Amino acid sequence: MPRLMILDTPSLYFRAFYGVPESVTAPDGMPVNAVRGVIDMIASLVREHSPGELAACMDADWRPAFRVTAIPSYKAHRVASDGGEEVPDTLAPQVPVIEQVLDAAGIARVEAAGYEADDVIGTLTARSRGPVDIVTGDRDLFQLVDDARPVRVLYTVRGIKNIQPVDEAAVAERYGIPGRAYADFAVLRGDPSDGLPGVAGIGDKTAATLITRFGSLAELLKAAEEDGAENGLTKGQRAKLAAARDYLAVAPAVVRVAHDAPLPETGPAGLVLPAEPRDPEALEALSARYGLGGPLKRLADALSWKA
């Protein structure tokens, strides 16, 4: 089966925006650092990893209602005054350009109403019958690594060039947990960057110890409900888990990415890498307007498009 490469596109354009200087501009002076950075990242990834299929996943809803209903603080600190996501002023106009470039190039752009890009990634991963590479700077997607299939994360450590492959062994080494237990670990410790409080008094080390000892969050919570002091939990740990009972009842559904988001049809070509641009004229117009000749030439070379 061909290797499927899945791009966490919002993560990548934020990384590109902060990794490429804003002095990189279009002929009219508009910053295009994120646009050029994303194009160059895709070209480099295709050249180095030779996927057979490629999907650029998008946020149809960056803060889905089902997650906010469960935990109202979810990403609340990122809400702008207009109710949308807080995005740097010079990045916001670049996002539609990135989408237009992807569409004109013929790279499948996938989203699902009411879901985040993470959920689209989880669903595509679950549906894939072959190996999967997930490109992201978001550690939440470490929950999808699976050596047996295999599924790995190509983690953008910083900027647009430093990419680190993450498999189960890497997760285990970094966090001291079983390689496929990242979601359970994240529920316990929380994540301030997403507005997830975690269990008060349980940090990274204790969360790792508990998940490793019990194997899963479900088994940990089962032990916390049992009477007796010989089940591997201290009195203090039991009290902390009891105090967080309401949070623990809803947090797993917030932290775990969906595997069943309603994805649209991707067209007759599916996710196969485009052998030629879908709309050459539109791509040429975008290249001229935004000064993208160099990055698009590198993308064309990576995809082996004929001149």
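Just so you know, all these numbers are worked out from the coordinates, no wet-lab data involved. Quick caveat: nothing in here was measured; it's all calculated off a predicted structure. For neighbour counting, all protein chains shown are included, and Cβ atoms are generated from backbone atoms with ideal geometry for every residue, glycine included.
Quick look at the values:
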read-out	value
Gain upon complete extension [D89, T266; 0.36 nm per residue less C-alpha separation]	60.6 nm
Given charges at Cβ of Lys, Arg, Asp, Glu: region 82-146 dipole, positive-most of I134, P93, A117	I134
Equivalent-ellipsoid semi-axes of region 1-138, from the Cα gyration tensor, Å, largest first	24, 23, 11
Formal net charge of residues neighbouring A92 (Cβ-Cβ distance under 12 Å; K, R +1; D, E -1)	-4
Extension gain from E48 to R245, taking 0.36 nm per residue of separation minus the Cα-Cα distance	66.3 nm
Length added when fully stretched, A200-R3, from 0.36 nm per residue minus Cα-Cα	66.8 nm
Per-selection Rg to Rh, the chain - Cα, Kirkwood hydrodynamic radius	1.01
Point-charge dipole on Cβ atoms (K/R +1, D/E -1) for region 1-138, about Cα centre, debye to 20	400 debye
Region 17-86: Cα Rg divided by the 2.2 N^0.38 Å rule of thumb	1.54
Sum of -39500 (n - 2.57) over DSSP H runs of 4+, divided by residues of the chain (222 nm, nearest 500)	-13000 deg cm²/dmol
In nm, spacing of pseudo-spin labels at R158 and E173 (7 Å Cα→C-beta vector)	2.0 nm
Electrostatic dipole magnitude of the chain [Cβ: Lys, Arg +1; Asp, Glu -1; Cα centre; debye, to 20]	700 debye
Volume per residue that the Cα convex hull of region 132-210 spans, once the total is divided by residue count, Å³	87 Å³
